[in-house]
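Participant: Handing you this structure, nothing more for now.
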Amino acid sequence: KTKLKKIQIYLLNHCAKMVNLGELQFAQSYINIIDLQITNEVFLEHQVINPNRFKNCISMAIIANNIVWAITFLEEQKKNLPRTMKEMTVSYSQAIILFSQKQYDLALKKLVNFHSDDMYFKISYEKLLLKLYKYQLKKGRFKITHIRSKVTSVKKYIASQKRLNHMRKKRVYTFLSCLLKLVNNKKINIDMLKGNVPTIDLIWLQKEVI
């Protein structure tokens, strides 16, 4: 099982790299390998799943446009999350699934009591919240000044995170800049963003500029 797991981890990393390069068909391959790991009982580490890995699996399913898989995975694997992070991980995962289904109000409700000290989760949460704010802006529930203030706050948080490498910081900053352009009705050069923003954010931006 150890050798099999190493091979599967290598393949997962390869798929993730290809998805980040814009080869979205590898997202389905990624979740296919996750299914194999679950079947072969090599998916869990010490009988639990890392919350960030859980989140990544959900994100890959959304990129693959396989929402059924995401929902099934969420329901079947949430029992294996660490108790201290279970509620937070499930709430975020439910929110991002609802967001992908354009159920924005329901997604926002899932995030009302969200709190995490985990850097990666917090960044993902803040980006999702800003996307939701954009739709609230359309309904007149938010002002552009609220979104600008939130973006400034997120930028300060990113800048303060010494554990976050330069490239990851740059990708988040680029996304935030694009979001501000969207709410201000300014043009975005999507072709220049490939590989420069997280893939799940790029897909959303592409849909917004159409």
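The values are calculated or read from the model by the stated rules, or taken from the named source; none is laboratory data. Keep in mind that what you see is a predicted model, and the values were worked out from it rather than measured. Reconstructed Cβ throughout: ideal geometry from the backbone, glycine too, with neighbour counts over all protein chains shown. Accessible surface is based on the protein model in full, side chains and every heavy atom, while ligands, DNA and RNA are left aside. Shrake-Rupley method; radii C 1.70, N 1.55, O 1.52, S 1.80 Å.
Participant: Going by a ≥ b ≥ c, the root eigenvalues of the Cα gyration tensor, does the range 151-210 fall in the rounded group (a/c under 1.5), the prolate group (a/b larger than b/c) or the oblate group?
Facilitator: oblate
Participant: Straight-line reach only, C-alpha to C-alpha below 18 angstrom: list the aspartates and glutamates that Lys17 could link to, leaving out same-chain residues fewer than 8 apart.
Facilitator: Cα-Cα hits under 18 Å: Asp201.
Participant: Defining a contact as two alpha carbons under 8 Å apart and six or more residues distant in sequence, what relative contact order in percent does the range 90-136 show?
Facilitator: Relative CO of the range 90-136 lands at 36 percent.
Participant: Turning to a different aspect of this structure: For every helix of n ≥ 4 consecutive DSSP H residues, a contribution of -39,500 (n - 2.57) applies; sum these over the chain, divide by its total residues, and give [θ] at 222 nm rounded to the nearest 500 deg cm²/dmol.
Facilitator: -22500 deg cm²/dmol
Participant: When the Cα centres of the range 146-210 and the range 67-136 are compared, how far apart do they sit, in Å?
Facilitator: Their Cα centres are 19 Å away from one another.
Participant: Right, next: Straight-line reach from Lys3: which lysines have Cα under 21 Å away, leaving out those fewer than 8 places along the same chain?
Facilitator: Leaving aside lysines fewer than 8 places away in the same chain, none come within reach of Lys3.
Participant: Roughly speaking, what % of Cα-Cα pairs in the range 111-210 are separated by over 21 Å, rounded to a whole number?
Facilitator: 32 percent
Participant: Could you tell me what a quarter of the Cα convex hull surface of the chain works out to, in nm² with one decimal place?
Facilitator: 11.8 nm²
Participant: Another question, if that's okay. Applying a 10 Å radius around every beta-carbon, put 173-182, 157-166 in order of their mean neighbour count, most first.
Facilitator: 173-182, 157-166
Participant: I'd like to know which of Ile188, Tyr10, Asn65 lies farthest towards the positive end of the charge dipole of the chain, counting +1 on Cβ of Lys and Arg and -1 on Cβ of Asp and Glu.
Facilitator: Ile188
Participant: What does the accessible area per residue of the range 145-203 come to in Å², with a 1.4 Å probe and no ligands, DNA or RNA counted?
Facilitator: 61 Å²
Participant: Right, next: On the protein heavy atoms, probe 1.4 angstrom, tell me the percent of accessible surface of the range 94-188 carried by carbon and sulfur.
Facilitator: Of all accessible area on the range 94-188, carbon and sulfur atoms account for 50 percent.
Participant: Based on the mean of other beta carbon atoms within 10 Å per residue, what is the order of 26-33, 13-20, 44-51, 183-190, most packed first?
Facilitator: 26-33, 13-20, 44-51, 183-190
Participant: Another question, then. Under 12 Å Cα-Cα from Lys79, which aspartates and glutamates qualify once same-chain neighbours fewer than 8 residues away are excluded?
Facilitator: Here the aspartates and glutamates satisfying the reach criterion relative to Lys79 are Glu87.
Participant: Expressed as a rounded percentage, what relative contact order does the chain have, with Cα pairs under 8 Å and six or more residues apart?
Facilitator: The normalised contact order for the chain reaches 16 percent.
Participant: What is the diffusion coefficient of the range 9-133 in µm²/s, taking the Kirkwood radius over Cα pairs and the Stokes-Einstein relation at 25 °C with a viscosity of 0.890 mPa s?
Facilitator: In µm²/s, the coefficient is 165.
Participant: Continuing with this model, one more query. What order, most packed first, do the peptides 2-8, 142-148, 195-201 have when packing is the mean number of other Cβ atoms within 10 Å of each residue?
Facilitator: 195-201, 142-148, 2-8
Participant: Rounded if a/c is under 1.5, else prolate if a/b is larger than b/c, else oblate: which is the range 1-69, with a ≥ b ≥ c the root eigenvalues of its Cα gyration tensor?
Facilitator: Taking the square roots of the gyration eigenvalues as a ≥ b ≥ c, the range 1-69 is prolate.
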